[in-house]
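**Student:** Okay, here's the structure, questions in a sec.
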Ligand SMILES: [Zn+2]
């Protein structure tokens with residue numbers, strides 16, 4: 001009885017096992033048949049991911065910046081062609097150098113409000129919109145717009161300018177048309193490295209920011225800067241900040257600039273591109289409390305303007321190479337090989353144009369090679 005019961009139990013169990021295994025096999029087949037087509041790519045991705053983890057990731061990009069694009073009336077008059085404006089010839093001789101870095105920033109000092117708003121020069125600028133087209137075609141990838149001339153033609157001028165940059169698909173940072181765009185980080189990607197661009201100015205030449213619209217222009221404010229830097233650090237590998245600061249026509253940074261630079265670096269900024277003094281101020285390394293090495297270019301001077309003499313017609317492009325290494329230990333970002341390319345704004349032969357300083361002799365600069373050595377020493381002396 002006991003034996004029979006066992007036999008019966010065994011048979012039932014065998015049946016259950018048979019159906020269970022049949023059911024499992026059927027389900028495996030069904031799952032396989034209904035598996036999405038993406039199975040292969042995801043397997044590949046997993047393999048690729050493992051390969052990257054095993055070997056480590058090591059990528060580079062070069063970031064650069066030029067100084068103020070400050071369009072006086074004599075500059076835009078010179079760009080006039082029939083019923084429009086063409087600024088391309090002004091960048092033609094420097095274009096091949098500007099196209100070398102992976103991401104190039106320019107400081108668009110004057111708004112691109114265009115002829116409809118009425119063009120204007122110092123002290124309240126409004127420039128032809130075609131400046132933007134020439135910048136893009138000459139290698140500029142992003143413009144900083146937080147500067148003392150941002151509100152020269154009021155809120156309308158600022159918004160018209162931004163709308164035009166958007167139409168051109170030229171990324172911009174520092175001035176905004178809404179709280180939402182203000183709160184959205186400007187992050188560009190290059191060779192697998194994410195770079196957050198931030199931009200602030202000391203003021204707007206006494207023109208008040210319309211009430212309740214603080215989002216229009218980023219004013220230097222340590223609390224706000226700290227908050228944005230922290231947000232940027234979470235989303236990007238590198239944080240670059242344009243700062244509109246310093247004293248006009250001073251060839252060396254003052255105490256305030258140095259203090260602010262060290263504050264920003266300690267908050268997490270990796271590169272500071274300074275603008276406003278209209279003349280070049282040196283490049284320097286700043287060591288952060290956490291051990292990072294950050295680069296500051298205190299002032300990039302004028303890149304294209306109607307100003308001349310006393311170093312106001314000398315500017316240039318500062319570049320630095322970024323390396324991102326990812327290994328099992330984590331991510332390391334390092335800055336290497338900072339370089340400077342000095343330029344000169346010539347208006348010889350009735351043509352405004354930016355030329356390499358080294359070769360500026362035939363374009364109206366006396367002792368060009370001596371000047372070149374002097375400027376190179378001025379800019380890079382502190383890096384050694
Ligand atoms: Zn300025």
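Bear in mind that the values in this text are calculations on the coordinates, not laboratory data. Quick caveat: nothing in here was measured; it's all calculated off a predicted structure. Using ideal geometry, Cβ is built from the backbone for each residue, glycine included, and neighbour counts are taken over all protein chains shown.
**Student:** Restricting to region 263-279, name every residue that is touching a residue at least 60 places away in the same chain (Cβ under 8 Å), within 16 Å of the ligand (Cβ to nearest atom) and within 12 Å of the chain's Cα centre (by Cα).
**Tutor:** Across region 263-279, the qualifying residue is only 273.
**Student:** Condition first: touching a residue at least 40 places away in the same chain (Cβ under 8 Å), assigned to a strand (DSSP E or B) and more than 21 Å from residue 282 (Cα to Cα). Now tell me which residues in region 325-357 satisfy that.
**Tutor:** 325, 326, 327, 331, 333, 353
**Student:** Take region 298-317 and flag every residue that is out of contact with any helix residue (DSSP H, G or I) (no Cβ under 8 Å at 6 or more places or on another chain) and either closer than 15 Å to residue 360 by Cβ or crowded, with 19+ Cβ neighbours inside 10 Å (or both).
**Tutor:** The answer is 299, 300, 301, 302, 303, 307, 308, 309, 311, 312, 313, 315.
**Student:** Which of the residues belonging to region 282-318 are under 20 Å from the mean Cα position of the chain (by Cα) and either within 16 Å of the ligand (Cβ to nearest atom) or part of a loop (DSSP other than H, G, I, E, B) (or both)?
**Tutor:** Matches in region 282-318: 292, 297, 298, 299, 300, 301, 302, 303, 304, 315.
**Student:** So, one more: Answer yes or no: is there a residue in region 360-371 that is outside any loop (DSSP other than H, G, I, E, B) and crowded, with 22+ Cβ neighbours inside 10 Å.
**Tutor:** Looking for residues that are outside any loop (DSSP other than H, G, I, E, B) and crowded, with 22+ Cβ neighbours inside 10 Å, one finds none in region 360-371, hence no.
**Student:** Moving to a separate point now. Within the group 195, 162, 136, which residue is within 30 Å of residue 57 (Cα to Cα) and within 19 Å of the chain's Cα centre (by Cα)?
**Tutor:** One residue alone meets the criteria, 195.
**Student:** While we're looking at this one, here's another question. Conditions first: (1) in a loop (DSSP other than H, G, I, E, B); (2) surrounded by 17 or more Cβ atoms within 10 Å (Cβ to Cβ). Residue 250 passes all but one, so which condition is the exception?
**Tutor:** Going through (1) in a loop (DSSP other than H, G, I, E, B); (2) surrounded by 17 or more Cβ atoms within 10 Å (Cβ to Cβ) one by one, residue 250 breaks only (2).
**Student:** Among (1) crowded, with 16+ Cβ neighbours inside 10 Å; (2) within 26 Å of residue 237 (Cβ to Cβ); (3) out of contact with any helix residue (DSSP H, G or I) (no Cβ under 6 Å at 6 or more places or on another chain), there is one condition residue 268 misses while meeting the rest; what is its number?
**Tutor:** All conditions are met except number (3).
**Student:** If you don't mind, there's one more thing I want to ask. How many residues are farther than 24 Å from residue 102 by Cβ and touching a strand residue (DSSP E or B) at 6+ places or on another chain (Cβ under 6 Å) when one looks only at region 163-183?
**Tutor:** Of the residues in that region, 1 qualify.
**Student:** Within region 136-149, can you find the residues that are closer than 23 Å to residue 78 by Cα and in contact with a helix residue (DSSP H, G or I) (Cβ under 8 Å, 6 or more places away or on another chain)?
**Tutor:** Selection gives 136, 137, 138, 139, 140, 143.
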